[in-house]
Amino acid sequence: MNALGRRDRYLLALLPALVAAALHFWWLAPELDARAEKAELALRRAPDPGTIAVREASLARARLEADGLGRRESSLAARRREQLADWTDPARRAEASVALSGALSSHGLRVIRSEIAERGGPVGSPAQRELARGLQKEGGAAPEVWTCEARGTWESLLEALDAVDGLSVFALPVALSLTSDLGRPELEVKLWIWI
Amino acid sequence: MARSAGFSLIVVGRRHSRRFDFASSRAEGEVTPHEIAASGVAADDVANLAALGPMPRRATVLLDSAWIQTVELPAAAVRGLGIEDLRRAVAFELEGLSGLSSATSEVAVGEEIPGSAGKVRWVAVEVHDETAAGIRSALGERGCGAVTIGHPASLSLASEERIPFVEVHERVTIARDPDRGAVVVIPARPGQRSWRGSVERFVSETDARPIRWQGIVPSGEVEDLAAAFRDEGGLPMELDPVGTARRWARDLSAAGERLPLVGPPRAARRSPGPLAIGIVATAIAIGAVGFLHVRRRREVEDLEARAVTVSADLRRIASAERALAVLRRETNDREQTIRDAEKSLETIAAGFETQRAGMRRLLRGMARLRVAGVAVTSLESRPDGAVEIEGLGATTAAIDAYVSALSGDARLGWEIRPPRCEARPRGDGREIQLYSFRAVPTSKGAVDDGETR
């Protein structure tokens, strides 16, 4: 160091300070600046203060709606089960056949025979087939066809059909055959009924 | 090389300049002498001597060429002055005597000595500031920072001995009588008339005997005068350089600040060296850089923390939006499923109702219709859902009227197809018409007359 001039010695002594300053401005500061720039970029994407609350409120409303749907689904499922049970429960068929004979008889029709129908006959129109498919699609059993042969007047037939409608059990007339002799008021009636 | 704990005594003379390195702070320790021929420029001699070997941190330079004299000031004028103010006052006083400006010289004031009535007296040494700066620079470059400058003649003033002495140097002679408290500085070369007169006057005024002769070897014109003294001052510098140096070193260490020695200028004394400046500057730079860095890092960390919060908020929003979209889709699907299921049930129920009401509407319509000459003999459901109706009619016109009336019944809900008629003979020779037609359920349904149930 003694070989150096006075100015050089001062410059040499100041070198560590210059190095420290250079480290700061050329290495440490740029790194921090880059981090700050990245953070500021992220901050510029900050949502409005109310946005989160609005979104979460919407979500809460949607969940409430979903809960409401759940209740509707439960209600519908119960109603469907009940409806299908009304329409297709085999256990009710015996009850239905008895109620049906009663309804027909109580309005002047003389029931001659009632039984499970054989295959064939007038039952099976496109609309009926569609209904049967719909029932099966809903999980119900295919309806059973019951036939009932009886005698009576037009009026008694109409009243009997009204009575069938009023039954608490499912009984649906799906086909009819009637004949009448001229000069005689009685009709020979055959009904095909889904039970 | 490690620096010595000792000090250097440098004596710059008219013919020779010498350097004495004392190994320790004690004058009795090992001494290393160096000698060079004087160049006539004190600073150069000091620089040359300093280059002969490593310099200790402390040195005293004695200049034969320094100006030395006693000076008196009114006691009232200097009472209470600090050492710096006193030096300044003395420097002004000396301007007329030494010819050196107080602005371009450095003055040292020694111990106060008795003066004339109402005055105070000192021995003062004055050195041109360029000379002092050159000496300090030369030594400073060699790592010697604590430098004092004086005149060799002043050192004897520190002696505690009560013996009067006359110390002769090449340019000045100093005489002291401890009993009288008298100090005389004779600014003349030995042998000059004024010198001789001054010395003789001092000797005559001094009662005590013996008077010691010190300094240069008496020779020539001064030899006879010197012979009058009993020489007890030891060998002079020319004959015993080391011994003289030891004596002066002892005087220096004993006298301390009582001697008129020019120390480092106050500003220079405070001026830090490159190393100190470097350390301080580095410390300041590191401190400033550290402060800036820490502050900036805190700012950045704060920004990053806020950015993390924002990112989390954005993720929450995105998550809520995704969940909302999924929920909406599921809800829509479920609603559709529910609607489908409800519709399916409704369709089935409506189908049942259509089935139930259709037959009754047809039968009621037929029962309501009274057309003379037309009777229904059979009604037969067909597998395609249609109903085949047969009967007898008196005439085709009556049959057409019947079918037309049935077809025009808006409450019926059935489409009545045109009848087929076939004439059959009756037993009475007339004919009767057998007819048949189909009733097909319409998709439009019927106008509800309230009687279908």
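Computed quantities for the displayed model
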{"read-out": "GNM flexibility winner over chain A from A:36, A:20, A:142 (Cα, springs under 10 Å)", "value": "A:20"}
{"read-out": "Net charge of Cβ neighbours under 12 Å - reference residue B:422; Lys, Arg +1; Asp, Glu -1", "value": "0"}
{"read-out": "Cβ-derived FRET efficiency at R0 22 Å, residue B:299 paired with residue A:22, nearest 0.05", "value": "0.55"}
{"read-out": "Stretchable slack from residue B:72 to residue B:337, in nm (0.36 nm times residue separation minus alpha-carbon distance)", "value": "83.0 nm"}
{"read-out": "Highest-MSF residue in chain A out of A:154, A:87, A:26 [GNM, Cα springs under 10 Å]", "value": "A:26"}
{"read-out": "Net lengthening on full extension, residue A:67/residue A:162 (0.36 nm per residue, minus Cα-Cα)", "value": "30.0 nm"}
{"read-out": "Label zone at residue B:14, where the point sits 7 Å out along the Cα-to-Cβ direction: segment B:153-190 residues whose backbone N lies under 18 Å", "value": "B:153-154, B:167-175, B:185-190"}
{"read-out": "Per-pair calculated FRET efficiency, R0 = 22 Å: residue A:188 and residue A:98 via Cβ, rounded to 0.05", "value": "0.45"}
{"read-out": "Inter-label distance for residue A:119 and residue A:7, nm, one decimal - labels placed 7 Å from Cα along Cα-to-Cβ", "value": "12.2 nm"}
{"read-out": "Spacing of the two label points (7 Å from each Cα toward its C-beta) at residue B:428 and residue B:103, in nm", "value": "17.2 nm"}
{"read-out": "Hits among aspartates and glutamates - C-alpha to C-alpha of residue A:190 under 12 Å, sequence gap 8 or more where chains match", "value": "A:115, A:149, B:380"}
{"read-out": "Gained length - residue B:26 relative to residue B:283, 0.36 nm times residue gap less alpha-carbon distance", "value": "88.8 nm"}
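Each value in this text was obtained by applying a stated rule to the coordinates, not by laboratory testing. Just so it is clear, the structure is predicted and the values come from calculations on it, not from any experiment. For neighbour counting, all protein chains shown are included, and Cβ atoms are generated from backbone atoms with ideal geometry for every residue, glycine included.
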